[in-house]
1. Quick one: length gained pulling Asp610 to Arg29 fully straight, 0.36 nm per residue minus the C-alpha distance?
2. Given charges of +1 on the Cβ of Lys and Arg and -1 on the Cβ of Asp and Glu, with all other atoms neutral, how large is the dipole of region 452-602 about its Cα centre, in debye to the nearest 20?
3. Only four residue types carry charge here, +1 at the Cβ of Lys and Arg and -1 at the Cβ of Asp and Glu. Report the dipole size of the chain about the Cα centre in Debye, rounded to the nearest 20.
4. Measuring from the lowest to the highest alpha carbon on each principal axis, how far does region 194-281 reach, largest first, in angstroms?
5. Which one, Leu536, Ser146, Val506, projects farthest toward the positive side of the charge dipole computed for the chain from Cβ point charges (K/R +1, D/E -1)?
6. From the helices alone, meaning DSSP H stretches of at least four residues, give me the mean residue ellipticity at 222 nm for the chain, per-run term -39500 (n - 2.57), in deg cm²/dmol to the nearest 500.
7. About the Cα centre of region 237-357, what is the dipole size in debye to 20, counting +1 per Lys and Arg Cβ and -1 per Asp and Glu Cβ, all else neutral?
8. Assuming 0.36 nm per residue, please report the length gained on full extension of the stretch Leu60 to Lys442 beyond their Cα-Cα distance.
Amino acid sequence: MSVTRAWIEEHLGAGTRDRPFSFTYGGSRSADLLPGWRTTVDREDLDAGRVRHLLTWRDLRTGLVVRCEAIEYTAYDAVEWITYCRNEGDVDTPIIEDFKPIDMVVDSGGSDGFRVYHSRGSDSKVNDYELLCEPVSKGSPLGLHSHGVKTCMEGPSGSPSVEYMPFFNVAAGGGGIIATCGWSGPWVGAFTCEDGGLLRMRIGMDRIHLALRPGEEIRGARNLVLFWEGDRIDGHNQWRRLLLEYYSPRPGGKPFAGLLTSAVWGAWMNCDDHIAEAQWWVENDLPLECYWVDAGWGGDIDKSWVNQQSDRVPNRRLFPDGMRPLADAVHELGMKFLLWLVPESLDPEVEIGLEHPEWLGEPFTDPAYGDNVFYWLDHCDSEVNAFMIDYFSGVAREHGVDVFRQDGTPTWPVEEGPDREGINQIRCVEGCYAFWDGLLEKDPKLMIDNCATGGRRLDIETIKRSVALWRSDCQANMDFDPITSQTFTYGLSHWIPLHGAVAPLVRMGAYAMRSAYAPAMMVGWPGKPADCKEGLDVDMLQRFMKEYLSVRECFFGDFYPLTPCNLGQDQWMAWQFDRPDKGIGVVQAFRRSECADESVSFKIRGLDADACYTIIDVDVDVDVDEPWQATGRVLMEEGVGITLTTRPDAALLVYRRQG
């Protein structure tokens, strides 16, 4: 019996008390209540790789129905589940609180203590996504959370990947469990050791204390766990494969295959100059795949930030005929068109806010934006949400948008009363999912770029529907130390296979460009392109863009860190991406600015020991020096040596299996 099958029998079977979720209902624990309720268990084979399990508990006294829908992934030793609560009675239910969609134990297998691997979130800092490892033992619990952006907002808000990411690997002995709590709002988690060599993991939405009205239903987080044995990194790579197969967007019905894009602010140029900028890439044989127009194209940015982000009517001074001429020109050049939007934002003086003042809600401010006063559309309101789906799918269609770049963080109204705490958060999060699903249903080819003020809404629900092309706002000046890109890629690649990195063109060179190699890559300017191109080595830019495209498919494979995660300028950072299905891969190594060691050696991972591989250092002239060949066993046991005589610098080795 597989680990997953045994776990399902123990936690999702008919007679067990130990469910993988918990809540308190009317002051009593769900573990004590559910065994006494009427229970049904159903099982259905969905396809060759998935089995659906449905458990339902019905409280005949109050009318509460609890439903747990689970998916077993037979090829991955993984299980997903979502828990729902519905009031089928005629009066309000007793209070539901302390709702933890994940409440389960991990066995240490007789080892001493546990290690919890996780990553920081996106707090607009250089160490965003840094991989962390924290010991947990009896008397030394670990608490993690993401409460969202620290602002003076009067209304509730929260994001799932600010202080910490909602992804965890609990390791003990020779195995462990990778878990995620998929909730696009604030969450809290506690990891506590119990007697018997057990660790209890309790993770869930923050601040739930509510009674359900008759006919009302709420849902918990989408949770996913994967069991692994042996090497921890092999477990992470099983996780990456699972997410690529089942939890990744498919624009046009096809897997996301990467994107090489530039980025310019809408207000930097008029339409003709934007078209000329797009043409510049083609005229210089620079293989750009997408033209990115960020903030400032709508409304009037000279009036206020709120005005320009709340008005989706193009600025007539800059775009007298709208965005379509630019989009059409970009498409004729063979590129996609990306447009920045903040769908929830309202201004009482323009567009939706002017037409629907009843939707303005309560105003709020943010110190980062000075005296600006914000109003937000409410995803909790089904009428508003339906309008948003129709309206913004129309905006995307009218403006010729291929990539819908959504910025901003949703907020929700203050709760109705003390016994309804959390209901608006739940409705808002559900509404956000419905909004994206509605956009994708109306245009299945549309791609969503999950900006969310720079990587602050990364969870398993959002990555199913989108890709984050911009991982942190700490890159905003476009003249940042590439060590940030290295840290971001290292940390994120353990948890999320699809994301985009940024190359600041003012730091053109191997170190900055190769630090930004990822499934998607943006090359950008710190100001108006015309002011930044003087002295630009176009041939070098062309070389690195084409080099990136030649190896991009590798970044959709397995990830192996070859050094610890570190931010020290006196260190090397290195990793490997491997495509076992294609017999290819890359090793990237970065010698930082204060690193004294010129040479390092790394043992390659995940190869076929008996196969022969050709290894090419892309900076070596293959017409002069023959590519190196070695067996997989030699590469894994003896490794490869890398020497960089300058600093900072970056090496790129490409290998391919022969035969």
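The values are calculated or read from the model by the stated rules, or taken from the named source; none is laboratory data. All figures in this text were calculated on a predicted structure; none of them were measured in a lab. Every residue, glycine as well, gets a Cβ built from its backbone with ideal geometry; the counts of neighbours run over all protein chains shown. Side chains included, ligands, DNA and RNA excluded: accessible areas come from the protein's heavy atoms. Shrake-Rupley method; radii C 1.70, N 1.55, O 1.52, S 1.80 Å.
1. Working: separation 581, 0.36 × 581 = 209.16 nm, distance 5.59 nm.
My answer for the length gained is 203.6 nm.
2. Numbers: 16 positive and 18 negative charges, 102 e Å.
That gives region 452-602 a dipole magnitude of about 480 debye.
3. On the way: 63 positive and 103 negative charges, 279 e Å.
In debye, rounded to 20, the chain gives about 1340.
4. Dimensions of region 194-281 along the principal axes of its Cα atoms: 68, 48, 27 Å.
5. Ser146
6. Numbers: 16 runs with 145 residues, N = 659.
The per-residue figure over the chain is -6000 deg cm²/dmol.
7. Values: 10 positive and 19 negative charges, 139 e Å.
Computed about the Cα centre, the dipole is about 660 debye.
8. Values: separation 382, 0.36 × 382 = 137.52 nm, distance 4.12 nm.
Fully extending the segment from Leu60 to Lys442 adds 133.4 nm.
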